[in-house]
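Laboratory data are not the source of any read-out in this text; all were calculated from the coordinates shown. In this text, all values refer to a predicted model and were calculated from it rather than measured experimentally. Don't worry about glycine lacking a Cβ; one is built from the backbone with ideal geometry, like all the others, and counts go over all protein chains shown.
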């Protein structure tokens, strides 16, 4: 008995070291369940079933008509929207990045996931150590023991340090931590996806607003022209030069053109409201900046990533992969739950009836205990849980494959859109040039007295109709170019855009 205080003193010094060494040993030992590996990228070297032209057709219209060159195996700049060389667009995106609540919510979701991971690491991988102090003063009546004596009043003081640790022999705890690390990856890529979606939506919304404003202006000019035509026809009808049917036809045409104006104005209002939300402003506030369609410059060189790189660049694919990683870790957790579990616990302290005698050798108390738990019969629940984890992994793998397929579709759609946008824009520009020449010829003939004014107005009407179509085709070239950058992942991997190294991953293949 005399050696017990010495044993307790040594245990008190060695216990934290022993528990820490055990923790390190089992953290670095093997873990049951599959080790996750990123799925292999699709084995293809292109996005479309037929080759995409490396260069689009050009149109005879300054910057907007330039040819765009698609360059393979080139990386995308982090601030890809700056390729449009629009100061106004850059300002709008900066306002959105600073004020958009959806982006801020995504940042906080990542912070929650990171803190949750720290909680789980502390709870599952590191021994728990607690310090306790108790003081109690009690009175016991001796009459209940059949004694006729004064009541007893006594005090008990106790202080101790206690530690416990579940030996992670089969890696169940490490797999749980791996699951929470995968959740951090998921939230990180969700943040990047929110960033990419926000910058893309601001870009396309601003371009759409500029296009609608140009269309509305051209429509107003068209309405004025058609009214002039109607006035002349009414005068001709009064003189008996044309029939009433001609006048009614022109009135119908004018009414149809006027009817086209409210939908354009409605769309413009809705797009302005959408832009206000994107930049974190109230819809009651006046738009802070105004983007003109002619202010934009069409990027001449479009870097297109290799198909094998797409799965490492798209935030939605990486987020889906992170979820798949978590499901893989859950298989390990369910497997470990079938195997034995060993728990170590210990405490060291002092107990005395007086505070002055609390730390005397005779008051020293300690304990070291171990417990083994082997699941024996749970009605098949543990086996079913593992089967469910495997099935869930297969479910998320199928979802991951669908995300990859949709990503390739997005890129293929954007590449084809850029190709055919250029062809459509060229045709519209050629039609506009021809209509403008016709209008100029009619105007000169009218000025020389060889043409009546009605012919001039009809030529102007035709020209304005084609101009509206050209404006729409021009805006499509810009918006589909932005869609390509978004489809390819937006270049976030080229710069630390949000927080510290958003592309860093905590994947564990051990």
Per residue, the convex hull enclosing the Cα atoms of segment 188-338 spans a volume in Å³ of 224
Relative to the compact-globule estimate 2.2 N^0.38 Å (N residues), the Cα gyration radius of segment 231-307 stands at a ratio of 2.00
In degrees, nearest 10, the alpha-carbon axis of helix 4-28 is tilted away from the dominant principal axis of the alpha carbons of the chain by 30
Rounded to the nearest whole number, the Stokes-Einstein translational diffusion coefficient of the chain at 4 °C and 1.567 mPa s (Kirkwood radius, C-alpha pairs) in µm²/s is 43
For the chain, longest principal axis from Cα atoms; helix 244-278 axis from its Cα atoms; angle between them, nearest 10 degrees, is 20
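What does the extension gain come out to for residue 412 and residue 55, with contour length at 0.36 nm per residue minus their alpha carbon separation?
That works out to 127.0 nm of additional length.
Provide 179, 186 in ascending order of the number of other Cβ atoms located within 10 Å of each residue's Cβ, fewest first.
179, 186
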Relative to the chain, whose Cα atoms define the longest principal axis, helix 172-238 and its Cα axis are tilted in degrees, nearest 10, by 20
The residues 386, 175, sorted from fewest to most surrounding Cβ atoms within 10 Å, come out as 386, 175
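Please state the shape class of segment 44-182: rounded when a/c is under 1.5, otherwise prolate if a/b exceeds b/c and oblate if not, all from the C-alpha gyration tensor.
It is prolate, given that a/c is not under 1.5 and a/b is the larger ratio.
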Expressed as a whole-number percentage, the relative contact order of the chain with C-alpha contacts under 8 angstrom and at least six residues apart is 29
Here P(r) for segment 353-420, Cα-Cα distances in 10 Å bins, as whole percents, is 14, 15, 13, 13, 12, 13, 10, 6, 4, 0
A convex hull over the alpha carbons of segment 448-498 yields, per residue, a volume in Å³ of 114
Sorted largest first, the Cα spans of segment 23-120 on the principal axes come out in Å as 72, 41, 19
Rg (one decimal) and Dmax (whole number) from the Cα set of segment 138-268, in Å, equal 43.8, 137
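Taking each pair of different alpha-carbon atoms in segment 256-368 once, compute 1/r for the pair, average those values, and report the inverse of that mean as the Kirkwood hydrodynamic radius in Å to one decimal.
One over the average 1/r among Cα pairs gives 23.6 Å for segment 256-368.
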If N is the residue count of segment 311-415, its Cα Rg over 2.2 N^0.38 Å rounds to 2.03
At q = 0.26 Å⁻¹, the log10 of I(q)/I(0) for segment 193-277 from a Debye sum over equal Cα scatterers comes to -1.13
To the nearest 0.05, the calculated FRET efficiency linking residue 137 and residue 38 through their beta-carbon distance, R0 being 56 Å, is 0.30
Log10 I(q)/I(0) at q = 0.16 Å⁻¹ for segment 393-504, from Debye over equal alpha-carbon scatterers, is -0.85
Compactness check, segment 316-372: C-alpha Rg relative to the 2.2 N^0.38 Å globular estimate gives 2.28
Listing 268, 131, 192 by rising number of other beta-carbon atoms within 10 angstrom, fewest first, gives 131, 268, 192
Under Stokes-Einstein, segment 65-112 at 25 °C and 0.890 mPa s, with its Kirkwood radius over C-alpha pairs, diffuses with a coefficient in µm²/s of 181
